[in-house]
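K.L.:
Before we start, here is the structure in question, set down as structure tokens.
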Amino acid sequence: MAKIVTFGELMLRLAPYNFEKLVQVGTLQATYGGGEANVAISTANFGHETWFVSLLPKNDLGDAAENTMRRFGVNPEYIIRTGDRLGIYFLEHGASIRPSKVIYDRANSAIAKVKSGDIDWIKVFRGKDWFHFTGITPALGPNVAAVTLEALEAARAANVKISCDLNYRKKLWTREEARITMTKLVQFVDVIIANEEDASDVFGINAATTDVRSGKLDIDHYKSTARQLMDLSGCEKVAITLRESLSASDNNWWAMLYDGKEISLSKKYSIHLVDRVGGGDSFGAGLIHGLLQGWGNQQSLEFAVAASALKQTIPGDINLVKEDEVMNLVQGDASGRIKR
């Protein structure tokens with residue numbers, strides 16, 4: 001199996017039980033998650049050797065966060081323990097016609113204070129095969145964006161394959177800030193992953209006749225979006241996840257993959273959502289796994305979509321399924337019948 005590195009923020013997630021609103025609860029469920037951490041854990045579940053690079057505070061919350069990575073088989077060797085603040089996000093689960101809501105409390109977290117030179121990227125990438133990051137990490141501040149650029153330069157020098165999920169977060173930075181920073185960073189990327197809105201929000205590339213809030217998607221325009229992302233970055237592949245939001249409780253989920261010549265489209269899954277947070281991360285992990293296995297575009301895409309569909313039936317940020325469970329779904333077993 002391959003050796004994979006991810007870089008980002010691991011946060012404490014606090015969420016009400018039973019689809020309650022934050023204003024009505026007295027008890028919150030505590031778990032941990034974050035885009036790149038989710039990818040590290042998911043690829044570890046698929047059998048790869050994975051490392052998560054981050055900064056966590058020197059306190060009990062930092063211990064718990066690091067132990068989460070250890071628990072799921074991720075090597076914490078490159079986690080730096082410094083500072084006294086762990087980022088937090090509050091998640092209010094939506095239901096039916098009421099959307100989910102996220103509130104961030106992550107200012108001045110340990111990773112937000114990282115400086116150029118703090119991480120020995122040459123050491124990190126020695127002997128590694130793949131590096132994954134998202135647009136969330138450079139959004140944490142100009143200093144974090146600079147460290148992300150250092151990582152990309154070192155990964156490129158070490159001939160490590162690089163993937164990026166654009167993951168635009170309007171609560172972290174403006175579209176203009178995202179465009180300026182990400183235009184520079186994606187020049188190093190081999191595989192770009194985006195959803196319905198990322199290409200538009202970050203680069204102004206639009207799937208013109210698609211309205212993501214209506215639940216209707218025009219695939220021909222997404223093909224154009226993928227081509228434009230490839231032209232902008234010079235990457236080898238562009239994957240776009242496609243979510244038809246029928247409600248906060250029921251979605252259709254599929255994806256496409258473009259390699260500069262051909263478009264691959266996956267099977268579409270109808271999902272009754274348990275927790276959609278981390279769905280894109282689990283897609284990215286599945287795609288990385290497939291490409292590292294040497295599978296073709298179609299097989300890699302089908303695996304990624306099935307993995308992410310399964311994740312959205314699991315509470316929490318993290319996808320906990322193994323390769324054989326994903327393969328069962330890929331092969332058509334979507335009955336949900338009990339396994340004895």
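K.L.:
Show the residue pairs meeting these rules: Cβ distance below 6 Å; 6+ apart or different chains; first residue within the range 150-175 and in a loop (DSSP other than H, G, I, E, B); second residue polar (S, T, N, Q).
P.N.:
Close Cβ pairs (under 6 Å, with a partner that is polar (S, T, N, Q)) amount to ASN167/THR134.
K.L.:
Then there's this: Consider ALA151 against the criteria (1) touching an Asp or Glu at 6+ places or on another chain (Cβ under 6 Å); (2) at pLDDT 95 or above: it satisfies all of them except one. Which criterion is unmet?
P.N.:
(1)
K.L.:
When you scan the range 22-54, how many residues do you find that are of a type in the set (Ser, Thr, Tyr) and under 23 Å from GLY290 (Cα atoms)?
P.N.:
3
K.L.:
Is it the case that ALA226 is more than 17 Å from ALA146 (Cα to Cα), at pLDDT below 95, out of contact with any helix residue (DSSP H, G or I) (no Cβ under 8 Å at 6 or more places or on another chain) and among the small types (Gly, Ala, Ser)?
P.N.:
So ALA226 passes the test.
K.L.:
Sticking with this one: Of the residues SER282, SER266, which is of a type in the set (Ser, Thr, Tyr), buried (at least 22 other Cβ atoms within 10 Å of the Cβ) and in contact with a strand residue (DSSP E or B) (Cβ under 7 Å, 6 or more places away or on another chain)?
P.N.:
SER266
K.L.:
Among the listed residues ASP198, ASP165, identify the single one that is crowded, with 16+ Cβ neighbours inside 10 Å and closer than 21 Å to VAL124 by Cα.
P.N.:
ASP165
K.L.:
Another question about this same structure. Is it the case, given these coordinates, that ASN143 is part of a loop (DSSP other than H, G, I, E, B) and not hydroxyl-bearing (Ser, Thr, Tyr)?
P.N.:
For ASN143, the condition - part of a loop (DSSP other than H, G, I, E, B) and not hydroxyl-bearing (Ser, Thr, Tyr) - is not met.
K.L.:
I've got another one for you. What do you reckon, is LEU291 out of contact with any Cys (no Cβ under 6 Å at 6 or more places or on another chain), over 30 Å from LEU14 (Cα atoms) and aliphatic (A, V, I, L, M)?
P.N.:
Considered against the rule, which asks whether it is out of contact with any Cys (no Cβ under 6 Å at 6 or more places or on another chain), over 30 Å from LEU14 (Cα atoms) and aliphatic (A, V, I, L, M), LEU291 comes out as yes.
K.L.:
Of all residues being among the aliphatic types (A, V, I, L, M) and surrounded by 18 or more Cβ atoms within 10 Å (Cβ to Cβ) in the range 29-60, which is farthest from PRO138 (Cα to Cα)? Just the residue, please.
P.N.:
ALA44
K.L.:
Condition check: of a type in the set (D, E, K, R), more than 16 Å from the chain's Cα centre (by Cα) and crowded, with 21+ Cβ neighbours inside 10 Å. Does GLU302 satisfy that?
P.N.:
yes
K.L.:
I'd like the full set of residues that are touching a residue at least 12 places away in the same chain (Cβ under 8 Å) and more than 30 Å from ASP190 (Cα to Cα), limited to the range 105-139.
P.N.:
Those that are touching a residue at least 12 places away in the same chain (Cβ under 8 Å) and more than 30 Å from ASP190 (Cα to Cα): ASP105, ASN108.
K.L.:
Yes or no: SER300 more than 30 Å from ALA65 (Cβ to Cβ) and touching an Asp or Glu at 6+ places or on another chain (Cβ under 7 Å)?
P.N.:
Criteria not met by SER300.
K.L.:
Just give me the residues in the range 218-257 being among the hydrophobic types (A, V, I, L, M, F, W, C), surrounded by fewer than 20 Cβ atoms within 10 Å (Cβ to Cβ) and under 16 Å from ASN206 (Cα atoms), in sequence order.
P.N.:
Passing the criteria: ILE219, MET230, LEU232.
K.L.:
Something else about it: Taking the range 96-133, which residues are surrounded by 14 or more Cβ atoms within 10 Å (Cβ to Cβ), among the small types (Gly, Ala, Ser) and farther than 17 Å from SER54 by Cβ?
P.N.:
Within the range 96-133, just SER100 meets the criteria.
K.L.:
Being assigned to a loop (DSSP other than H, G, I, E, B) and aliphatic (A, V, I, L, M) is the filter; apply it to the range 308-340 and report the residue that is surrounded by the fewest Cβ atoms within 10 Å (Cβ to Cβ).
P.N.:
Per the stated criteria, the residue is ILE338.
K.L.:
Answer yes or no as to whether ILE119 is under 20 Å from the mean Cα position of the chain (by Cα), aliphatic (A, V, I, L, M) and in a loop (DSSP other than H, G, I, E, B).
P.N.:
No: the conditions fail for ILE119.
The values are calculated or read from the model by the stated rules, or taken from the named source; none is laboratory data. On a predicted model such as this, the values are computed, not experimentally measured, just so you know. Neighbour counts run over all protein chains shown; Cβ positions are idealised from the backbone, glycine included.
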